[in-house]
Every structure is written in structure tokens, then in C-alpha cells.
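The values are calculated or read from the model by the stated rules, or taken from the named source; none is laboratory data. Note that the structure is a prediction, hence the values are computed from the model and not measured. Here the Cβ positions follow ideal geometry from the backbone for every residue, glycine too, while neighbour counts run over all protein chains shown. Please note that ligands, DNA and RNA were not included when accessible areas were found on the heavy atoms of the full protein model with its side chains. Shrake-Rupley method; radii C 1.70, N 1.55, O 1.52, S 1.80 Å.
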Amino acid sequence: KQWYQRRVAITAGEVVMALMRAVATSVALAEAAGGVLRDIMASGNLGIVDKGGQNNVQTEADRKAQLLIVSSFMKQLPEATVIGEEDDIDYDTDEATSLVTMDTSSEVLQHNCPDRFADLKESDLVIWVDPLDGTKEYTEGRKQDVTVLIGIAAHGRAIAGVIYQPWFNIEGDKVEGRTFWGVVGLGAFGFNRLAVPEGRRIITTTRSHMQKSVQDAIDSCNPDKVIQIGGSGSKCILVAEGVADAYLFASPGTKKWDTCAGDAIITALGGKMTDIFGDPIKYDAGQAYPNKTGVLATMCDFDFYKSKIPANIMDR
């Protein structure tokens, strides 16, 4: 499988900066988790559970993918703090042990760690995991909206991220995944960036949580086109690739595990992600999980989009 061929184990005696080791591990684990999502989808037994709330479900794929990712991090990076979306998982089981992988990405390990992060210790890292971003879309068969998200933060800021698309290029029975990864100060990899047509404003936003505040904020920007798509990871990809020039969600709803990976990748490309007030999203382990003041991400014209948020929304 493609995701397996790109993975190697770090051998004893190798000296790898804590951050780059975490990113290399994250790429391997995101790709392996993507294999879990594909296998469970192919089985037809999704094991759907209603978690309560609007469009809030969990599947066997969410549970098993997180079990693989977090159990492996516990072995590979035992001093890092790992926070996963699913909070009802037992990691002290035979299944968890059987899913552990010690593999890493050889591609990532070819890059040097940016100097600003060279002194980071493993214990400085907070890793935010969404094992299946776009669960609703997964249950509906909208597979190309689905991603695996692993974001890495230190001292409250998103500094590295991995977004894996298990279903990127689908031709008949052939499926190819695609991995985006990035480190602030190093760059982002795994895709070719396009350019939004000059003079056009294209916004991407929620497909299933279109509240009045979200619609009002979008309307105030007078966009030429609005792309509604499921999953925060998919929206971040559209901005990173240049398909859309802004990701705008003027409402609570996303969580830290939804945005950390995309925040880091967009920042690594020279863009910006904040809440709708223009304040950085904080990713300390002690932070509340919800992004209560929304999300705004752009590669350019950030000040324009921020200035267009209606005052009545900012006052709430």
C-alpha cells in the first residue's frame, strides 16, 4: 500500500530533533489511520453511534483510527501530550497493542528542523488528533471530504501539521491517498499550490452547520463563489491549494483538533488562521476544546475579510 511504502523505523542511535520526529511519526500514523478508514468503509459495517447534538455521530472508523494513532504516540512519543477527539477509548487493551506501529516517514526525516524549534523537547509538544474529520460525510459516502488530522503545537501555537486524504484520486476500484504536511519556518509539502483567479473572492465554509451568523459573515464579503464542504481539514486544503482564498466560519462549532493541523500548514505557507476577531487560536493542553469565536483563515487579504465581519456578530 502507498502509505506503507513511505514509512521506515527510526533506528537506535539516530539523533532527530523532537519536532521532526513527531512530524515524521504523525505522517506515518495519519496514513496508517487512513488505511483503517478505507478498510472499514469497504466492510460496510460502519458501527454508527449518535453522540448527541446536531450532526454529531461516531463510527467504528473514528474509534479504531484514534486507537491506532494515540496508542502509537504513547509508545513513540511517551512524553508528549496527545489529545484525541474521541474520549471514550480504552488504550490498555490487546487491540490497542496490536495496532501500535513504530514507523515514521522517511520523507520528513530528510528535512532539517527549523532553528526556532531546535530546542523543543518532546514534553513541550501538544498533539491534537482528529482520527476522522468529516464523520457525517463518511457515513453519507462523501469520501473525498474525509481527512485524518494531526496537529502539533508548542507553547500554545500550532507549529506543524499533517492532513491525510484517504480518498483523493478515485478511479474505479483504485484509490490513492494524499498527504499534506508542513512545519512553520520550513514550508508545506505534498501538493501543488494554485492561484485564486485575480479579482475573484472565493470562500469555503461549512456544509452542514450553516447558521445565520455564518451566512451573514459570508454575505458581507460579497464573494464571487462559496464552496460548502464537509470537514475542517477539507476547507484548509482548499485554502492551502489556492482553490479558495478564505475559510470563514463565524460561529462556535470547530474544536482544537479540527484546526491545529490546518493552522500550522497554512501558516507554514505564509498564510494566517485566527478566530474572527483576528486573535490566534491557542492550543495549550489546558485550553477548552471548542473554538468558541469561530475561524478565519486566508493566504492573502486577511485584513479585508476580518474587516467585513458584521459588528453584530463581533459583539456576541
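Things worth noting here:
- Val82 long-range amide H proximity, modeled H, under 5 Å: Ile127
- Per-residue SASA remark: Asp145, around 20 Å² accessible (1.4 Å probe; ligands, DNA and RNA not included).
- Cross-link reach list, lysines versus Lys306, counting only Cα pairs under 27 Å and skipping chain neighbours closer than eight places: Lys212, Lys225, Lys235, Lys255, Lys256, Lys272, Lys282, Lys292
- For peptides 43-49, 155-161, sequence by mean Cβ density within 10 Å, most packed first: 155-161, 43-49
- In terms of accessible area, using a 1.4 Å probe and ignoring ligands and nucleic acids, Phe168, Phe117 rank largest first as Phe168, Phe117.
- In terms of accessible area, using a 1.4 Å probe and ignoring ligands and nucleic acids, Leu269, Leu99 rank largest first as Leu269, Leu99.
- Cleavage-rule hits, trypsin sites (Lys or Arg not before Pro), segment 213-294, DSSP coil, Cβ neighbours within 10 Å at most 13: Lys292
- Largest first, the residues Asp315, Asp279, Asp284 sort by 1.4 Å accessible area into Asp315, Asp279, Asp284.
- In a DSSP loop and with at most 14 other Cβ atoms within 10 Å, the chymotrypsin sites (Phe, Trp or Tyr not before Pro) in segment 245-316 are Phe277.
- Solvent-accessible area of the chain (1.4 angstrom probe, protein heavy atoms only): carbon and sulfur portion equals 46 percent.
- Principal-axis tilt of helix 18-43 within the chain, Cα atoms, nearest 10 degrees: 90 degrees
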